[in-house]
Each structure stands twice: as structure tokens, then as C-alpha cells.
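Comments concern the structure below.
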Amino acid sequence: MKRKHQIPFLLLVVGLAGTFTAQAQPPVGSGPGKPGPIALAGPRPPQTSGIVALTSLSGTVQQFTANDESVLNGFTLNTGSQTVAVEFPSHLGQAIQAAGKTGSKVTVSGVSDTTPEGTTMFRLVSLTNGNTVVTDTPPAAPAVLPTPTPTSVKGKVVEYQVDRQGQVNGLRLSDQTLVRVPPHVAGQLVSIAPKESTISVEGYVHPVGEGQVRLSKQTVVEATQITVNGKSFLVR
């Protein structure tokens, strides 16, 4: 009789243990180190959480600025009392350049923000010039994905490109070609191909995206193979 009562009791214990184990599991997409639903939207620029009040500034467009690939992504605005660095997503480049040429008077709406490096930026939400308004909206998906164009370049390494965090993310050749490599490869490349060394690069031309503008003529190459002093290295 005792044996007949032991089996249901053991099943009850196992069932309760399973219940407590399931309840102890954190919900999917939450908890330290686990992205929530917002991660689906992709990386976002640093900003104050919650509702943020917009600020409007009026002034004269002084100079367009670009990222390290010479792609337009900002300009300086002279308000009369100060010069403000205005930044916007690069896919708005063509629209911003057409609406706010150098020397034109514009009004920008946005949010002041501080980058992890301590630099204060005014992140544009909209720009108004007369009846023309450019608003920060997500880039449209291209109707046809661009086909990678293979290329081969050779030249002398004149400098290494670094990002805002001071990390090497590419190198520039004597003909001003910018060679891009993954971050984990950059550290190795500095020792393999120091400045003034001549290298050959196999890779693909990095195209200008929809709505983007390059302020200076420059070829950007995503490297797949690099040859230094007759020795070839696969980049992956």
C-alpha cells in the first residue's frame, strides 16, 4: 500500500519543481545582457531616455561635415552667438544639401546630445528653409540591392583610419583609397603592414547609399585579401 502512494507523491514533487524552475526563468528578451524588443529596431544614437523636449535653432549654414568615408552627415550652424555642430543620418545628405546650401539661413529642430567621447552634438530632427522642410525619417529600402563590384588596388600605406573611440577600422593608401577591414583584423594589420609599406588589396567597392553624398572623391574598398611583401593574408 505504501508503494502505491509513493508514485503520485514523487510525481507531485517533480511537477512542483518544474513549476518553480519555469517561474525562475527570466522572460525572453529581458534581463542584463539580453536585448528587449527595442533591439529589433537596430542601434540608436545616445540620447536621454523617455520624452525629450525638442529645441529649435536658427542661423546660417557654415560648413558641411562628413564621416571618415567622406559621406555628408552634418554641418556647422552659426546662430550669431555660437557655432553649433549639427549631425544627421547620412541618408538625408542629398535632401539636406539641397535645402540648406552653405550660406543659407535655416531653422533646425532637434536634441542636444553628448557622445560617449564627451562631444556635444545637436541631433537634427527637421530642417526648415522657407517652404522646404526635411524631416528625419528612416531610409527607404532599395528596390534592387546593389551588386558588389570587385576591385584590386595597390599603394603605399600613408595613415591608419580610426573611429571616434580611437579604434583602427581601416587604412588610407597614397592614392587616397580607403581600405576597410573588420575591427578584429585592424590590430593585426598594423603590425603586418606598417605606415610607408606597399600593399596590394583585393576586395569590393563600397557604394554610396541611397540619399547619401560624398563630399570628396574617394574610393572605399572592403578588403577580402591583402598582400604585403609577397605574402598574402585572407581578411575575414
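I'd like to know if the range 79-102 contains one or more residues that are over 25 Å from VAL208 (Cα atoms), touching a Lys or Arg at 6+ places or on another chain (Cβ under 6 Å) and among the acidic types (Asp, Glu).
Start the filter on the range 79-102 by keeping residues that are over 25 Å from VAL208 (Cα atoms), which leaves 79-84.
Imposing the further condition that a residue be touching a Lys or Arg at 6+ places or on another chain (Cβ under 6 Å) reduces the set to none.
The answer is no, given that none of the residues of the range 79-102 is over 25 Å from VAL208 (Cα atoms), touching a Lys or Arg at 6+ places or on another chain (Cβ under 6 Å) and among the acidic types (Asp, Glu).
Pairs please, first residue from the range 164-184 and within 15 Å of VAL235 (Cβ to Cβ), second anywhere and assigned to a loop (DSSP other than H, G, I, E, B) and open to solvent by 70 Å² or more (accessible area, probe 1.4 Å), Cβ atoms under 7 Å, 6+ apart in sequence or on different chains.
Pairs found: PRO183/GLN167.
For the range 116-129, which residues satisfy the criterion of being surrounded by 10 or more Cβ atoms within 10 Å (Cβ to Cβ) and not aromatic (Phe, Trp, Tyr)?
The initial filter retains those residues of the range 116-129 that are surrounded by 10 or more Cβ atoms within 10 Å (Cβ to Cβ), namely 119-129.
Those that are surrounded by 10 or more Cβ atoms within 10 Å (Cβ to Cβ) and not aromatic (Phe, Trp, Tyr): THR119, THR120, MET121, ARG123, LEU124, VAL125, SER126, LEU127, THR128, ASN129.
Taking strands (runs of 3 or more DSSP E) that fall entirely within the range 131-218, which contain at least 3 residues that are touching an Asp or Glu at 6+ places or on another chain (Cβ under 9 Å)?
Numbers: elements: 132-135, 149-162, 168-173, 178-180, 198-205.
Because the criterion is at least 3 residues that are touching an Asp or Glu at 6+ places or on another chain (Cβ under 9 Å), the strands (runs of 3 or more DSSP E) in the range 131-218 that meet it are 149-162, 168-173, 178-180, 198-205.
When residues of the range 134-155 are filtered for being at pLDDT 95 or above, out of contact with any Leu (no Cβ under 7 Å at 6 or more places or on another chain) and within 30 Å of VAL108 (Cα to Cα), how many remain?
Counting residues in the range 134-155 that are at pLDDT 95 or above, out of contact with any Leu (no Cβ under 7 Å at 6 or more places or on another chain) and within 30 Å of VAL108 (Cα to Cα) gives 1.
Output the qualifying pairs, or none if there are none: Cβ atoms under 7 angstrom, residues six or more apart or on different chains, first residue in the range 205-233 and within 23 Å of PRO142 (Cβ to Cβ) and open to solvent by 60 Å² or more (accessible area, probe 1.4 Å), second residue charged (D, E, K, R) and in a strand (DSSP E or B).
Sorted first by the residue in the range 205-233, then by its partner, the pairs are HIS206/ARG180; HIS206/GLU222; VAL208/ARG214; GLU222/ARG180.
Which residue out of VAL144, VAL134 is touching a helix residue (DSSP H, G or I) at 6+ places or on another chain (Cβ under 9 Å), of a type in the set (A, V, I, L, M, F, W, C) and without any contact (Cβ under 8 Å) to a residue 60 or more places away in the chain? Talk me through it step by step, then tell me what you get.
Details: VAL144 fails: touching a helix residue (DSSP H, G or I) at 6+ places or on another chain (Cβ under 9 Å).
Just one listed residue meets the conditions, VAL134.
Any idea which of (1) in contact with a Pro (Cβ under 7 Å, 6 or more places away or on another chain); (2) on the phi < 0 side of the Ramachandran plot is the one GLY211 doesn't satisfy?
Evaluating GLY211 over (1) in contact with a Pro (Cβ under 7 Å, 6 or more places away or on another chain); (2) on the phi < 0 side of the Ramachandran plot leaves (2) as the failure.
Table: residues versus (1) touching a helix residue (DSSP H, G or I) at 6+ places or on another chain (Cβ under 9 Å); (2) closer than 26 Å to TYR160 by Cβ; (3) modelled with pLDDT of 95 or more; (4) open to solvent by less than 40 Å² (accessible area, probe 1.4 Å).
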{"position": "ILE38", "(1), (2), (3), (4)": "no, no, no, no"}
{"position": "PRO45", "(1), (2), (3), (4)": "no, yes, no, no"}
{"position": "SER49", "(1), (2), (3), (4)": "no, no, no, no"}
{"position": "VAL52", "(1), (2), (3), (4)": "no, no, no, no"}
{"position": "PHE64", "(1), (2), (3), (4)": "yes, yes, yes, yes"}
{"position": "ASN67", "(1), (2), (3), (4)": "yes, yes, no, no"}
{"position": "THR76", "(1), (2), (3), (4)": "no, no, yes, yes"}
{"position": "GLN82", "(1), (2), (3), (4)": "no, no, no, no"}
{"position": "LEU92", "(1), (2), (3), (4)": "no, no, yes, yes"}
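The values are calculated or read from the model by the stated rules, or taken from the named source; none is laboratory data. Everything numeric in this text was worked out from a predicted model, so none of it was measured. Every residue, glycine among them, receives a Cβ derived from its backbone with ideal geometry; neighbour counts consider all protein chains shown. The accessibility values were calculated without ligands, DNA or RNA, using every heavy atom of the protein model including side chains. Shrake-Rupley method; radii C 1.70, N 1.55, O 1.52, S 1.80 Å.
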